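Reviewing the structure listed below.
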Amino acid sequence: MIQSVAAAAAVALSVILVTVFPRSILLFLLFQGSLLFVYVSRIPSWLRAALLGAGLLVLMPLVGAVNGYYLEVATQVGIFAALALGLNIVVGLAGLLDLGYVAFFAVGAYSWAIFGSPHANLIFGGTAFPLAPGWFFAFLVLGLAVAAMTGVLLGLPVLRLRGDYLAIVTLGFGEVIRVLANNLDKPINITNGPKGLTPIGRPPLPSWIPYNEGFYFLVLVIVVVVIVVNRRLEDSHIGRAWEAMREDEMAAQAMGVPLVRAKLMAFACGASFAGVMGVVFSAKQIFINPESFTFLESIGVLAMVILGGMGSIPGAVVGATVVTVLNLQVLKGFSLWLNELKNAGVTVLGYSLANLPTQLEPAKYERMVFGVILVLMMIFRPQGIFPARRRQRELAHPQPEPPSATS
Amino acid sequence: MDWALLIGIFPQVLLDGILLGFMYALIALGYTMVYGVLEFINFAHSEIFVLGAFVGVEILLSLQSHGWLGRIPWVIVLVMVILAGMIASGLLAVTIERVAYRPLRHAPRLIPLISAIGVSFFLQDIIRLIESVWRNAFNLVYPTIEVMNRRFEITETIDVSVRSLVVIVAALLMLWGLHVLVNRTKIGTAIRAVAEDQAAASLMGINVNRIISLTFLIGGAMGGAAGVLFGIQYSLINPYTGFIPGLKAFTAAVLGGIGNVPGAMLGGLVLGLLEAFAASYMSLLTGGAFGAEYKDIFAFSVLILILIFRPKGLLGEVVRGRA
């Protein structure tokens, strides 16, 4: 009872504070924290659903109306949450470390970017492109299919490899896709090289709400669908096969799990989520170029999965939120704050901050964030913040001899 | 097709390939030695390599700013810089192993790999942070040592610079030293014993943890030396320089047969040559449609093909059956 009141009060209070002080990053973090608190507190499930629903459906757009950047952050969080959920299938459930996940994201993004912008005219001639914005929804499916196919194509030759080799090969594949995107502006201009593609069409949304709010809801719907699909997959036949495979390939095979098919399915499923989100991402950004699809992004998504807990659905969502907010808000906020102090000529312990080196931009230290997350989680809490139940049991009793991961 | 041109550039490309190959070989040793002992891909090795390059450039820059660079004989400067790079990188490798890998030695296979990726990213930004505070720049250029830029003309179209020769000679010396260390000394025997069977080695009175640290020290030192040589040869470095050479050196290690020291050298040379030829000839052979920008893809394709068709590598009889 106390927790129920506390949870409701926390959400209400933080929303009021955010609307009163729309520029304070700390208060927005407080708002997000209150939603997390609602999720973990011991309250009746109807109340939890009501509070979370109100928070995401009503309060978040409201906050977004006060400060548009917060809505942007929330939309990004949604995109990355779906990506993390996709990678969670490959890494968390099936236990295949994919370090080139962003490649599938790129495939989806480019498939809409090419046809949703006038660029396709250069390839096919004529003036048929860009396609009408309504095609966006068809491309959600098409992006899914193309990415899944890419996943299978990559998977077929490499899935026989042992875990750590597979990781390096997928990394190489991610780089290959990026290099291709960078250089396929000749002999036929497919990707427009490093200059990127723009303007990319945006989906038509109902005109009675502001466009950015509408886009936020679109992403929210997709994330909910992804979560539902994930949950169904987890408990399905193939989901159990994946987990068996993760624990012990040999035993799983002996129990009749067709390894290659299960691995291909995992790759295809993970890739298809990335493909869909790629389409959404390119429509949101209007402009894409190969710089959005680097190894750094792959590791960022991996850090989200690891932080939340491999194989855990709420974990992936929370991990995506924390990492995205850290990058988009905390680091940037710190940068801005430091700059303000610098310009104000504040001195700390006799050292004038105005003398700080100009190259020191805290906003650029994403890699350090990812690195610290990965190392600390692996050493102190390999099961993540919100461990999957089965995973939790497994990691609680480390075996003396590593389970043999055979190819 | 311009056959005269194709043949004309051949010796130069060969030379570039050998140079690149030795560089890869030196880095690959770090991967292969650690893999031989722990069956673990030390993903942070590329940053160990970069640290060597940064230590080298810092020493050279400070010598330059004191005006000593031209006055001390260049051989002494070179030896000093390489040694400093080796020490720094070797110590870094040992520290990483203690902090981030040792606690995970018995965890499932992918856990230490993920930790290693984290270390790699962390180090990239730490180097950037330190250089940003210290020098207000993290893209650094190696100061030139006058002698190194001299070139010997072999024919009209082919020449070789002193620094290329220096890199090749230094790499050869180090590879030879390592070969002697691993095959002729007691320490080398202990390393090979630990690689063969940790439990049995420890029963024979070998301190396994110390040997593992030592392996990281030696592999890291080789990486550091490679970093300094890389800086001398290609002159421009930044904290993220290590990623691609690291990946290629890993490819070289796999190509030669991972865990196998002569294999890493061979793999490095083969990959260096392949890449140099691909970079120079692809554009000529395809009429400019595909050029040197695809040389990275080329290296990764080699990796994928090797792993699919001959996962034990060229010299890989050493892969043991724990997998």
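Overview of values
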{"item": "Given chain B, longest segment not containing exposed loop GluC sites (Glu not before Pro) (DSSP; at most 15 other Cβ within 10 Å)", "result": "B:157-316"}
{"item": "Taking the convex hull of Cα positions in the protein assembly as shown, its mean projected area over all directions (nm²)", "result": "36.8"}
{"item": "Hull shadow area, averaged, the range B:1-74 [alpha-carbon convex hull, nm²]", "result": "9.1"}
{"item": "Gaussian network model of chain A, springs between alpha carbon atoms under 10 Å - residue of A:Asn121, A:Asn343, A:Asn183 with greatest fluctuation", "result": "A:Asn343"}
{"item": "The range A:293-392: radius of gyration and largest Cα-Cα distance (Dmax), Å", "result": "17.0, 54"}
{"item": "Cβ-derived FRET efficiency at R0 22 Å, A:Val260 paired with B:Ser283, nearest 0.05", "result": "0.05"}
{"item": "GNM top mover of A:Glu247, A:Glu72, A:Glu361 - chain A, alpha-carbon springs below 10 Å", "result": "A:Glu361"}
{"item": "Calculated FRET efficiency for the pair B:Leu314/B:Asn207, C-beta based, R₀ 35 Å, to 0.05", "result": "0.60"}
{"item": "Relative frequency of Cα-Cα separations exceeding 22 Å in the range A:35-175, percent", "result": "59"}
{"item": "Extension gain, A:Thr19 back to A:Ala145 (0.36 nm per residue minus Cα-Cα distance, nm)", "result": "41.2 nm"}
{"item": "Choice from A:Ile123, A:Ile177, A:Ile379 showing the highest fluctuation, given a GNM over chain A with Cα pairs closer than 10 Å", "result": "A:Ile379"}
{"item": "Proxy reagent accessibility, fewest Cβ within 10 Å first, across A:Leu156, A:Leu97", "result": "A:Leu156, A:Leu97"}
{"item": "13 Å Cα-Cα reach of A:Lys364 towards aspartates and glutamates, excluding residues that sit fewer than 8 places from it in its own chain", "result": "B:Asp125"}
{"item": "Chain A: Cα Rg divided by the 2.2 N^0.38 Å rule of thumb", "result": "1.03"}
{"item": "Within chain B: Cβ-based charge dipole about Cα centre, in debye rounded to nearest 20 (Lys, Arg +1; Asp, Glu -1)", "result": "1000"}
{"item": "Listed pairs A:Lys195/B:Lys295; A:Lys263/A:Lys284; A:Lys186/A:Lys284; A:Lys263/B:Lys312 exceeding 29 Å between Cα atoms", "result": "A:Lys263/A:Lys284"}
{"item": "Lys, Arg +1 and Asp, Glu -1 on Cβ, resulting dipole of the protein assembly as shown about Cα centre, debye, nearest 20", "result": "1260"}
{"item": "Simple spin-label estimate for A:Ala65 and B:Arg150 in nanometres, 7 Å along Cα-Cβ", "result": "7.8"}
{"item": "Label-to-label distance, nm, for residues given as A:Gln359 and A:His237 (7 Å Cα→Cβ offset)", "result": "5.9"}
{"item": "Dimensionless Rg/Rh of the range A:1-66 - Kirkwood Rh, Rg from C-alpha atoms", "result": "0.97"}
{"item": "Cleavage-rule hits (trypsin sites (Lys or Arg not before Pro)) in the range A:1-64: DSSP loop, at most 11 neighbouring Cβ within 10 angstrom", "result": "A:Arg23, A:Arg42"}
{"item": "Principal axes of the range A:157-267: Cα extent on each, largest first, Å", "result": "55, 43, 19"}
{"item": "Two-decimal log10 I(q)/I(0) for the range A:194-350, as the Debye equation yields it once each C-alpha is a single scatterer, q = 0.13, 0.16 Å⁻¹", "result": "-0.85, -1.11"}
{"item": "Of A:Val260, A:Ile168, B:His66, farthest towards positive along the dipole that unit charges on Lys, Arg, Asp, Glu beta carbons give the protein assembly as shown", "result": "A:Val260"}
{"item": "Computed P(r) (all Cα pairs; the range A:226-315; 10 Å bins; percent)", "result": "14, 39, 33, 12, 3"}
{"item": "Estimated D of chain B in µm² per second, where Rh is the Kirkwood radius over Cα pairs and Stokes-Einstein applies at 10 °C, 1.306 mPa s", "result": "78"}
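Values quoted throughout were computed directly from the atomic coordinates according to the rules given, and no laboratory measurement underlies them. What you see is a predicted model; the values in this text were computed from it and never measured. Cβ sites come from the backbone with ideal geometry, for glycine too, and all protein chains shown count toward neighbours.
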